[in-house]
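Note sheet for the following structure.
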Amino acid sequence: MTKFSREISDYVLQNKHRHEAFLQSLIKADTTDGSEDNGQTVWISRLRDLPCELDIFEPDPNRLSKYDEYNEGHVYVNRPNVVATFAGDGSGKSLILNGHMDTVFPGSLEKWSFPPWDATIQDGKMFGLGSCDMKAGLAALLLAMELICKLKIPLRGNVYLQSVVDEEAGGGNGTLACIDRGYTADAALVAEPTTLIPMSAHVGSVAFRVSFRGMACHSNMKWEGVNSIEKALPFLNRLRELEQKWQSERHHPLLPSPIISINTIDAGDGAVLLPASCIVEGNFTYLPGWDQSISEFTNELESAVAEDEWLSENPPVLQFLHNVKPYASNPQGSWPLCVEYGVSEILNKQIPVSGFPTGADARLLANIGNMPTIILGPGNIRRAHTENEFVELDQFHQSIELYAYIIANWAG
Ligand SMILES: [Zn+2]
């Protein structure tokens, strides 16, 4: 137990209103993908009062294009990352604290009971776009560092607090730009919503689009045309078999087995017309160490094509829309154990390190930055990207205390 634990918990108790007000100011800033600067302005003004050095920079696509996880086609004018360095005396272990400032778009506004940028508090919850994913976690990271500074808890290792842009739309370039700029540490924490369960792995996820061509005609004389939906079906059936095979043979102690899911089919112009095209979109997941899943998926399409004369002459077009790679850090390493210990001390329960069912920037810190990486944050990922998104305020306050305690133990 750190000698500061009493002071940390008293401080969090006494500053609840201030902390909620800061979270509200972040939610009230519209930071839908591309507009992150609204939130970074709020963020920077809070950091100006703290003893840290600020590095404010836009990701540079020219520098990032050398990484195979780089996402092409994104523009970063007025979309800065902000990294605040809190210097330690150099005798201890360093730490990266990472979160993304962008949110998804709110969808249909009528479905929101409270306006998405009002940050309404009701029944112990704060509602708003990005409240759960992930402004509560992001705010808590800064507030934990503010606490460390106010209580004068000495730092031995450097702490790098990163508020990054562009995680949601394909993802990753903001964090990738921090790594490329030289920010690495002995450990990293990403504050995505995990209901405060520490996680040291996540699945990989590939989104795909396959476009099948047919030939339209009146369907009463279908022999004169080609039905693109019927041409797609053998491939779709193969995918179901491939999913069953993956699920029966691929397991990971922290992660769910891989899935393949067809999520949209866009085809046809009417009930009595053969569809001239059929565009299938979906995604599949894969476990750490199973990169061959991508070629196995492609092979199924090639086999379906080889068995059909029309498809052989009119090959479907396969596009991968994104590939978020998986990662796994050793849950028995000193960093995960430090986090697990913090959780047991602050939350008073034993919660073993688990795995995250979806992708996050953690993979970049772990795979490219070579850092042991933990995902841990307030809020439930099931509330993310939904109308009436909210975060439980109790969990938000607990996360500030928990982060401060973990940072003090690791870098202090
Ligand atoms: Zn997120």
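The values are calculated or read from the model by the stated rules, or taken from the named source; none is laboratory data. Everything numeric here is computed off the predicted structure, so don't read it as measured data. No Cβ is skipped: glycine too gets one built from the backbone with ideal geometry, and neighbour counts run over all protein chains shown. Protein only, heavy atoms only, side chains kept; ligands, DNA and RNA dropped before computing areas. Shrake-Rupley method; radii C 1.70, N 1.55, O 1.52, S 1.80 Å.
Quick one: pull the percent of accessible area on the range 162-258 belonging to carbon and sulfur, 1.4 Å probe, ligands and nucleic acids left out.
The value for the range 162-258 is 50 percent carbon and sulfur by accessible area.
For Lys3, which lysines qualify as cross-link partners when the Cα separation must be under 28 Å and same-chain residues fewer than eight apart are set aside?
Lys16, Lys93, Lys150, Lys152, Lys349
Restricting to DSSP H runs of at least four residues, report the calculated mean residue ellipticity at 222 nm for the chain, -39500 (n - 2.57) per run over all residues, nearest 500 deg cm²/dmol.
After summing the helix terms and dividing by residue count, I get -10500 deg cm²/dmol.
Using DSSP to define loop residues, name the trypsin sites (Lys or Arg not before Pro) in the range 139-200 whose beta-carbon has at most 15 other beta-carbon atoms within 10 Å.
For trypsin sites (Lys or Arg not before Pro) across the range 139-200 that sit outside H, G, I, E and B with at most 15 neighbouring Cβ atoms in 10 Å, the list reads Lys152, Arg156, Arg181.
Alpha carbon centre of the range 269-306 versus the range 80-132: separation in Å?
35 Å
If you roll a 1.4 Å probe over the range 1-149 with all protein chains in place, what percent of the accessible area is carbon or sulfur? Let's see the in-between values first.
Numbers: 3170 of 6580 Å².
Reported share for carbon and sulfur atoms: 48 percent.
Dipole of the chain, Cα-centred, from +1 at each Lys and Arg C-beta and -1 at each Asp and Glu C-beta, to the nearest 20 debye?
Taking the Cα centre of the chain as origin, the dipole is about 1220 debye.
Mind grabbing the accessible area of Ser200 for me, 1.4 Å probe, Å², rounded to tens?
Ser200 exposes around 0 Å² with every protein chain in place.
DSSP loop (so not H, G, I, E, B), at most 15 other Cβ within 10 Å: list which trypsin sites (Lys or Arg not before Pro) in the range 19-78 pass both filters.
Listed in order of number, the matching sites are Arg48, Lys66.
Go through the range 48-55 residue by residue and turn each phi into a ³J(HN,Hα) via Karplus (6.51, -1.76, 1.60, θ = phi - 60°); whole Hz please, and just put x for glycine and proline.
Computed from phi, the couplings for the range 48-55 are 4, 7, 9, x, 9, 9, 9, 10 Hz.
Percentage of Cα-Cα pair distances in the chain greater than 37 Å, rounded to whole percent? Write down the numbers at each step before the final one.
Details: 24270 of 84666 pairs.
When every Cα pair of the chain is considered, 29 percent fall beyond 37 Å.
Which ³J(HN,Hα) values in Hz, rounded to whole numbers, follow from the phi angles of the range 379-394 under the Karplus curve 6.51 cos²θ - 1.76 cosθ + 1.60, where θ = phi - 60° and Gly and Pro get x?
Karplus-based 3J(HN,Hα) across the range 379-394 equals x, 10, 4, 5, 8, 5, 6, 10, 5, 6, 3, 8, 10, 6, 5, 4 Hz.
So if I place +1 on the C-beta of Lys and Arg and -1 on the C-beta of Asp and Glu, and nothing else carries charge, what would the dipole magnitude of the range 1-109 be about its Cα centre? I want it in debye, nearest 20.
About 500 debye.
With an 8 Å Cα cut-off and a minimum separation of 6 or more residues, compute the relative contact order for the range 309-403 in percent.
For the range 309-403, the relative contact order is 26 percent.
Taking Lys245 as the anchor, which lysines have their alpha carbon closer than 25 Å to its alpha carbon, excluding any fewer than eight residues away along the same chain?
Output for Lys245: Lys231, Lys325.
Sequence-distant or interchain residues sharing an amide H contact under 5 Å with Glu58, placed H: which?
Here the answer is Asn81, since their amide H atoms fall under 5 Å of that of Glu58.
With the dipole of the chain worked out from charges on the C-beta (+1 for Lys and Arg, -1 for Asp and Glu) around the Cα centre, which of Ile407, Ser113, Ile197 lies farthest toward the positive end?
Ile407
Which longest uninterrupted range of the chain lacks any GluC sites (Glu not before Pro) assigned by DSSP to a loop state (not H, G, I, E or B) and surrounded by at most 13 other Cβ atoms within 10 Å?
Value returned for the longest uninterrupted segment is 73-306.
Please list, in order along the range 359-365, the HN-Hα scalar couplings obtained from phi with the Karplus expression 6.51 cos²θ - 1.76 cosθ + 1.60 (θ = phi - 60°), rounded to whole Hz, x for Gly and Pro.
Residue by residue, the range 359-365 yields x, 7, 5, 3, 4, 6, 4 Hz.
Against the longest principal axis of the chain, how steep is helix 293-306, in degrees 0 to 90 to the nearest 10, with axes from Cα atoms?
Tilt of helix 293-306: around 10 degrees.
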